[in-house]
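Beneath this line is the structure, given in structure tokens, with notes to follow.
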Amino acid sequence: MTTTPETDPTASAGPQAGPPGGAAAVPADAPAPRARRFWAVRRIPAALLAAVVLGAAGLLLYDVAAVRADRSAMSWRRRLAHALATRPLDDVVIVVGASVAVLLGLWLLLLALTPGLRDVLPMRREHTDVRAGLDRKAASLALRDRVVEVSGVQSVRVKVGRSKARVRAVSHFRALDEVRADVETVLATGIDELGLARPLAPTVRVARPSRKEGKAK
């Protein structure tokens, strides 16, 4: 589970407050704060972009300074200027280079405008200045541990998405309808106890063991 205390940017520097457990709780009659998705830091794309921009800018600045000092420009810049001046716009190299630049720009815009961290599900906010998130794998394990305790369930597979929880259970005794009803009841209780801001929509499927599984056992 991920917890992030929210700080007021206008607050003055001083001794830090107590732990998140001492944060102010939301009054019962007040609307709950909106739980938003967590934004990814994306350090690797930012570092790569910064390195490329810094290297290109430094190289160009060095070449411009060399020309100002009455030295000849680098050969790559002369060739690039000549190619840009003589090649037509429908040339394959120009089209491919422009396409790559557009795709790279769209990718960077997508990273800037989307929150990322799809594996972290936002939880209900019980305190005004604390945000919490639950990893999908942890939610899957918690729900699996609950469902596997249902009488008649032999094995369970749980896959938690952003809005749904898909459960596939194998039952080796009891009627399938009874097992499915018990699984749905237990699953509803488990989803509520996860404390997610947007409760998952459960999808339950119960079946008998296949012949291969029966022979293996």
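Pairs of Cα atoms nearer than 8 Å and 6+ residues apart set the relative contact order; for the range 115-178 it is 23 percent.
For D192, the shell of other residues with beta-carbons less than 15 Å away shows a net charge of 0, using +1 for Lys and Arg and -1 for Asp and Glu. In the range 76-185, a dipole from Cβ-located charges (positive for Lys and Arg, negative for Asp and Glu) runs towards its positive end, and of S99, T128, A169 it is S99 whose Cα lies farthest in that direction.
At 1.4 Å probe size, put S210, S72 in order of accessible surface, largest to smallest. Write out the running numbers ahead of the final one.
Values: S210 55, S72 95 Å².
Largest accessible area first, the list is S72, S210.
Here the extension length gained between A69 and R166 equals 28.1 nm, from 0.36 nm per residue of separation less the Cα-Cα distance.
At 0.36 nm per residue, minus the direct Cα-Cα distance, what do A46 and T185 gain on full extension? Give it in nm, one decimal, please. Intermediate results must be reported in sequence, preceding the final value.
Details: separation 139, 0.36 × 139 = 50.04 nm, distance 4.56 nm.
Once the chain is fully extended between A46 and T185, it gains 45.5 nm.
Amide H to amide H, with H built 1.01 Å from N, Q154 comes under 5 Å of V170, S171, H172, counting only residues 5 or more places away or on other chains.
For A56, the shell of other residues with beta-carbons less than 14 Å away shows a net charge of 0, using +1 for Lys and Arg and -1 for Asp and Glu. Both radii come from the Cα set of the range 110-194: Rg as radius of gyration, Rh as Kirkwood radius; their ratio Rg/Rh reads 1.09.
The values are calculated or read from the model by the stated rules, or taken from the named source; none is laboratory data. On a predicted model such as this, the values are computed, not experimentally measured, just so you know. All Cβ positions, even for glycine, are placed from backbone atoms using ideal geometry, and neighbour counts span all protein chains on display. Heads up: the accessible areas ignore ligands, DNA and RNA and are worked out on the full protein's heavy atoms, side chains in. Shrake-Rupley method; radii C 1.70, N 1.55, O 1.52, S 1.80 Å.
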